[in-house]
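Participant: To start, I am sharing the structure in question, which I have written as structure tokens.
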Amino acid sequence: MTDMTHGKPLNIVILGLSITSSWGNGHATTFRGLVRELAARGHEVLFLERDVPWYASNRDLPNPEYCTTELYASLEDLKARFTEPVREADLVMVGSYVPEGVTVGQWVNQTAQGIKAFYDIDTPVTLAKLRREDFEYLHPSLIPQYDLYLSFTGGPTLDVLEKEFGSPMARPLYCSFDPELYYPEAQENQWDLGYLGTYSDDRQPPLEKLMLDAARQWPDGKFVVAGPQYPAAVQWPANTQYIHHLPPAEHRKFYNQQRFTQNITRQDMIQAGYSPSVRLFEAAACGTPIISDYWDGLDTLFTFGSEILISRSAQETLSYLQDIPETERQAMGEKARQKVLAHHTAAHRALEVENYVRELQNAFSIKS
């Protein structure tokens, strides 16, 4: 269905890590939401994905209905079959972690006649890699060649990309959620506080400090942690359930079974600030009030105290769990839900891409 409000539909080519397989990566669901909504706005999208064995054996969406998806076997195969579509596209977008991404980026910048964009789903990681001269998928010399740098991280990082690395135009393109998958659902409360996240060394200390210590201090409370790769050495409190694997299809039910949900942020995201995780938006979409650690920029997404709660200690966590009246708890969850519905769906991201492209097109037309 065409829903264009800003001129003619765009012809878009995306070279991304994967859209066909969500196995072991967060890129596929991001691309699926964005591409689906770009198509809904009338744009035509060709998605090019490197055919690699670990995704080939785990393709949960081999043929998305909202775009043309093509697999390529090598750089030679890519150039032989897709030079013309890349040259003729209005927008060519290269994603982070694309195999041989530097060579792919060089080819795109030499070939494409339309707008060339880099879409960084891993911005803090990318910048850390560049500073230690790890050029796995991006080289500093490429950044000024891309007309547009789309970043999962906003705030001061955008200035770093423009002033330090020479990007002509760095803009935020945060993660998003799908309102058809995440929404309030009547469930019996199983837990007072839950957490969903894969184990990581840097997240475990704040998880212990903000949630597990709270569980130890409140034996009558009910807590849950869901996610893989937690070491056997982790000492779970007696009142904390551990779920080793929770497939995405069960995430909505999981959030709706909690009175509150815990948000813990990776250290590199805290340092960069302005780096919301998709779990933050998905929990809010379910109307489950969030207790989060603090990072710069979080207050640009949610209003502290009325849409999200900030905890710096087990005592603060417990005060929220024990003292907030039920009516206030429900109102907080609903306010956060309305906020993400108004600003953070995949449809909002598609419109942002469209607006950035129009901005560039207008600038180019003025120059010429």
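Participant: Tell me which of these residue 170 doesn't satisfy, since it passes every other one: (1) in contact (Cβ under 8 Å) with a residue 40 or more places away in the chain; (2) closer than 26 Å to residue 299 by Cα; (3) touching a helix residue (DSSP H, G or I) at 6+ places or on another chain (Cβ under 7 Å).
Facilitator: (1)
Participant: Go through (1) of a type in the set (Gly, Ala, Ser); (2) under 17 Å from the mean Cα position of the chain (by Cα); (3) over 30 Å from residue 340 (Cβ atoms) for residue 151 and report which single condition fails.
Facilitator: Going through the list (1) of a type in the set (Gly, Ala, Ser); (2) under 17 Å from the mean Cα position of the chain (by Cα); (3) over 30 Å from residue 340 (Cβ atoms), residue 151 breaks only (3).
Participant: May I ask you to list the residues in the stretch 111-160 that are over 22 Å from residue 100 (Cβ atoms) and part of a helix (DSSP H, G or I)?
Facilitator: Once the filter is applied, which keeps residues that are over 22 Å from residue 100 (Cβ atoms) and part of a helix (DSSP H, G or I), the stretch 111-160 yields 124, 156, 157, 158, 159, 160.
Participant: Separate question: Quick one: in the stretch 109-132, of everything that is in contact with a helix residue (DSSP H, G or I) (Cβ under 9 Å, 6 or more places away or on another chain), among the β-branched types (Val, Ile, Thr) and closer than 23 Å to residue 26 by Cβ, which residue is surrounded by the fewest Cβ atoms within 10 Å (Cβ to Cβ)?
Facilitator: For the stretch 109-132, the residue satisfying everything is 125.
Participant: Now, a different point. Taking the options 205, 179, name whichever one is touching a residue at least 24 places away in the same chain (Cβ under 8 Å) and either over 30 Å from residue 139 (Cα atoms) or outside any strand (DSSP E or B) (or both).
Facilitator: 179
Participant: Assess whether residue 213 counts as being modelled with pLDDT of 95 or more and touching a strand residue (DSSP E or B) at 6+ places or on another chain (Cβ under 6 Å).
Facilitator: The answer is no for residue 213.
Participant: Which of the residues that make up the stretch 261-315 are hydroxyl-bearing (Ser, Thr, Tyr) and out of contact with any strand residue (DSSP E or B) (no Cβ under 8 Å at 6 or more places or on another chain)?
Facilitator: Correct list: 275, 300, 303, 306, 313.
Participant: Condition first: touching a helix residue (DSSP H, G or I) at 6+ places or on another chain (Cβ under 7 Å), among the hydrophobic types (A, V, I, L, M, F, W, C) and open to solvent by less than 10 Å² (accessible area, probe 1.4 Å). Can you find one or more residues in the stretch 199-209 that meet it?
Facilitator: Checking the stretch 199-209: not a single residue is touching a helix residue (DSSP H, G or I) at 6+ places or on another chain (Cβ under 7 Å), among the hydrophobic types (A, V, I, L, M, F, W, C) and open to solvent by less than 10 Å² (accessible area, probe 1.4 Å).
Participant: May I pose another question? Considering every residue within the stretch 133-140, establish whether at least one is of a type in the set (Phe, Trp, Tyr) and either open to solvent by less than 20 Å² (accessible area, probe 1.4 Å) or more than 21 Å from the chain's Cα centre (by Cα) (or both).
Facilitator: yes
Participant: Let me ask another. Could you tell me which numbered condition residue 200 fails, if it satisfies all but one of (1) under 26 Å from the mean Cα position of the chain (by Cα); (2) assigned to a loop (DSSP other than H, G, I, E, B); (3) at pLDDT 95 or above?
Facilitator: Tallying (1) under 26 Å from the mean Cα position of the chain (by Cα); (2) assigned to a loop (DSSP other than H, G, I, E, B); (3) at pLDDT 95 or above, residue 200 fails exactly one: (3).
Participant: Quick one: in the stretch 244-258, of everything that is open to solvent by 40 Å² or more (accessible area, probe 1.4 Å) and in contact (Cβ under 8 Å) with a residue 24 or more places away in the chain, which residue is farthest from residue 173 (Cα to Cα)?
Facilitator: Checking each candidate, the answer is 253.
Participant: Separate question: Please find, within the stretch 223-235, the residue that is modelled with the lowest pLDDT out of those that are open to solvent by less than 70 Å² (accessible area, probe 1.4 Å) and on the phi < 0 side of the Ramachandran plot.
Facilitator: Here the answer is 228.
Participant: Scanning for something open to solvent by 70 Å² or more (accessible area, probe 1.4 Å) and either β-branched (Val, Ile, Thr) or modelled with pLDDT under 95 (or both), does the stretch 168-184 turn up at least one residue?
Facilitator: yes
Participant: In a helix (DSSP H, G or I), closer than 30 Å to residue 32 by Cα and among the aromatic types (Phe, Trp, Tyr): is that true of residue 356 in this structure?
Facilitator: Yes; evaluated as a whole, the condition is true for this residue.
Participant: Show me the strands (runs of 3 or more DSSP E) entirely contained within the stretch 10-107 in which 1 or more residues are open to solvent by 60 Å² or more (accessible area, probe 1.4 Å), closer than 22 Å to residue 345 by Cα and in contact (Cβ under 8 Å) with a residue 24 or more places away in the chain.
Facilitator: 44-50
The values are calculated or read from the model by the stated rules, or taken from the named source; none is laboratory data. Predicted, not measured: the structure shown is a model, and the values here were computed from it. Glycine also receives a Cβ, built like all others from the backbone with ideal geometry; neighbour counts cover every protein chain displayed. Each accessible area value is taken on the protein alone, full model and side chains, heavy atoms only, with ligands, DNA and RNA left out. Shrake-Rupley method; radii C 1.70, N 1.55, O 1.52, S 1.80 Å.
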